[in-house]
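Inspection log for the structure reproduced underneath, given as structure tokens.
The values are calculated or read from the model by the stated rules, or taken from the named source; none is laboratory data. Everything numeric in this text was worked out from a predicted model, so none of it was measured. Note that each Cβ is placed from the backbone with ideal geometry, even for glycine, and that neighbours are counted across all protein chains shown. Just so you know, the surface numbers come from the protein's heavy atoms only, side chains and all, with ligands and any DNA or RNA stripped out. Shrake-Rupley method; radii C 1.70, N 1.55, O 1.52, S 1.80 Å.
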Amino acid sequence: MTVFLVCVLNQNDTFPPLTSVTETAPFNLLFLPQSVVRDQISHCTVKLRQTTGLMEYCLEVIKENDPSGFLQISDALIRRVHMTESQWGKGTLTPRMTSDFDLTLDSGPLLQTIHQLDFVQMKVPAAPILQLEECCTQNNSATLSWKQPPLSTIVVEGYILELDDGNGGPFREVYVGTETICTVDGLHFNSTYKSRVKAFNSSGVGQYSKTLIMQTSETGLPPCDIQSIGTVAWFTFDPVSAHPDIVFSNDNLTVSCNSYDDRVVLGNTAFSRGVHYWEMTIDRYDNHPDPAFGISRGDVLKDVMLGKDDKAWAMYVDNNRSWFMHNNSHTNRTDGGITKGSTIGMLLDFTRRILIFLINDEQQGPVAFEGLEGAYYPAISLNRNVQVTLHTGLPIPDFYTPGEADPTSSVC
């Protein structure tokens, strides 16, 4: 089928190169200049004006009262009307170009392009392979690494990493993204976690990898030994959550303060299970300030002494005596203070849900706080008269015997 497209162009108009048109849809074009259309319009306008004049003349003749005069011109007038009518029919109203199209479509290039297409059947990705040599745990963090099978050619758009709750509960998503290695922080100490990963693309989600079982916080003791609940954890002070006036040094193990007011800094690890012990030594102690040591929630106030709000459990101490404080309630005044070189120990036992303080390896007062549940951060408040250094990874003091482990959280 051949189709001709009629295009009306001005004398100064330009038309795009024919090659640029035929590349997408080849067809034949007939160009009709605008001057041709203009001439036809002018011709029709003249004819219309002449016909209108003739009609007006005929109306005047009909109004003539002299019958003889009308008869003299009537025949000539009738002939003129018939002639005008025939002229309109012979060509005045006939378009110069036909309205029919004759279009030829060349489908060859399109078929060639279709034959050159490379069709790929989309499939969901294969199950990732966990790289066991790169998977490890440290304290309450777990690092997992994975890769796609070597022979897999299926496009992968991302991965979904899942862990259970460390107590045999349901899996939950902990990471979604394109990376093939992920470290999950904030896990429970002394817990066994199951982990798995799967890949996805636009076609869907693939199969899970094999399940990897990981144990947090090394104990160095047999798993079913009652002492295994006493976990050894390493952590530092956390510069991210600390008050801006806190000054860090010694790889974030030593802190001081720029302000005369008390400022709070937390450890970078939270505890929720097991038994934990850490110490802080007094590197500088001027003008008998009252630093406060203890534990807190993550949203504790950072610009007041530790223990002033209900988010912290602390012991504040000067050079002569100490007090326990929680929610601004002061209890158990005990003789015995600190100086430069003193060591303050904190023993947090979740098996008994208690917190105990020590000064220079001796227990300071009775059990400080009981009924502790949830996650707690090691914490301290100090001003510019004090500098302390943190010591972690310490064993439980010999004098203390942990309670029996909670069966629901035991790794045995």
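Select from the stretch 260-275 the residues that are assigned to a loop (DSSP other than H, G, I, E, B) and either surrounded by 24 or more Cβ atoms within 10 Å (Cβ to Cβ) or of a type in the set (Phe, Trp, Tyr) (or both) and list them in ascending order.
Result: TYR260, ASP262, ARG273, GLY274.
Hey, among TYR208, TYR193, which residue is on the phi < 0 side of the Ramachandran plot, touching a Leu at 6+ places or on another chain (Cβ under 6 Å) and not small (Gly, Ala, Ser)?
When all the criteria are applied, what remains is TYR193.
Just one of the numbered conditions (1) of a type outside the set (S, T, N, Q); (2) modelled with pLDDT under 85; (3) not in a loop (DSSP other than H, G, I, E, B) is not true of TYR159; which one?
(2) is the only condition that TYR159 fails.
Pick from PRO239, PRO222, PRO244: which is within 30 Å of VAL386 (Cβ to Cβ), assigned to a loop (DSSP other than H, G, I, E, B) and either modelled with pLDDT under 80 or in contact with a strand residue (DSSP E or B) (Cβ under 6 Å, 6 or more places away or on another chain) (or both)?
PRO239
Take the residues in the stretch 338-372 that are under 20 Å from ASP283 (Cβ atoms) and open to solvent by 10 Å² or more (accessible area, probe 1.4 Å), then tell me which one is nearest to the chain's Cα centre (by Cα).
Within the stretch 338-372, the match that is nearest to the chain's Cα centre (by Cα) is THR343.
Within the group PHE70, PHE101, PHE119, which residue is aromatic (Phe, Trp, Tyr), modelled with pLDDT under 80 and touching a strand residue (DSSP E or B) at 6+ places or on another chain (Cβ under 6 Å)?
When all the criteria are applied, what remains is PHE101.
How many of the residues making up the stretch 306-320 are under 10 Å from ILE295 (Cβ atoms) and part of a strand (DSSP E or B)?
3
Pairs only if they're at least six apart or on different chains, beta carbon under 9 angstrom, first in the stretch 232-246 and under 9 Å from LEU266 (Cα atoms), second of a type in the set (Asp, Glu) and assigned to a loop (DSSP other than H, G, I, E, B); list them, first residue then second.
THR236/ASP251
So, of the residues in the stretch 306-337 that are among the hydroxyl-bearing types (Ser, Thr, Tyr) and more than 13 Å from GLU362 (Cβ to Cβ), which turns out to be farthest from the chain's Cα centre (by Cα)?
The extreme case among them is THR331.
Out of all the residues in the stretch 309-320, is one or more among the hydroxyl-bearing types (Ser, Thr, Tyr) and more than 13 Å from VAL264 (Cβ to Cβ)?
no
Conditions (1) in a strand (DSSP E or B); (2) touching a His at 6+ places or on another chain (Cβ under 7 Å); (3) surrounded by 13 or more Cβ atoms within 10 Å (Cβ to Cβ), marked per residue:
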| position | (1), (2), (3) |
| --- | --- |
| SER152 | no, no, yes |
| TYR175 | yes, no, yes |
| GLU179 | no, no, no |
| LYS198 | yes, no, yes |
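What's the number of the condition ARG284 fails, among (1) part of a loop (DSSP other than H, G, I, E, B); (2) open to solvent by 10 Å² or more (accessible area, probe 1.4 Å); (3) in contact (Cβ under 8 Å) with a residue 24 or more places away in the chain?
Of the numbered conditions (1) part of a loop (DSSP other than H, G, I, E, B); (2) open to solvent by 10 Å² or more (accessible area, probe 1.4 Å); (3) in contact (Cβ under 8 Å) with a residue 24 or more places away in the chain, the odd one out for ARG284 is (1).
Can you name every residue in the stretch 247-259 that is touching a residue at least 40 places away in the same chain (Cβ under 8 Å) and either of a type in the set (Gly, Ala, Ser) or not in a strand (DSSP E or B) (or both)?
Hits for the stretch 247-259 are ASN250, LEU253, SER256, ASN258, SER259.
For a quick check of your reading of the model, give me the residue pairs whose first member lies in the stretch 27-52 and is assigned to a helix (DSSP H, G or I), whose second is modelled with pLDDT of 65 or more, with beta-carbon atoms closer than 6 Å and at least 6 apart or on different chains.
THR51/THR84
Could you pull out the residue among GLY337, GLY345 that is outside any strand (DSSP E or B) and of a type outside the set (Asp, Glu)?
GLY337 is the lone residue from the list that is outside any strand (DSSP E or B) and of a type outside the set (Asp, Glu).
How many residues are among the hydrophobic types (A, V, I, L, M, F, W, C) and open to solvent by less than 90 Å² (accessible area, probe 1.4 Å) when one looks only at the stretch 112-136?
Residues in the stretch 112-136 being among the hydrophobic types (A, V, I, L, M, F, W, C) and open to solvent by less than 90 Å² (accessible area, probe 1.4 Å): 8 in total.
Do we have ALA142 as surrounded by 12 or more Cβ atoms within 10 Å (Cβ to Cβ), in contact with a Gly (Cβ under 7 Å, 6 or more places away or on another chain) and modelled with pLDDT of 85 or more here?
no
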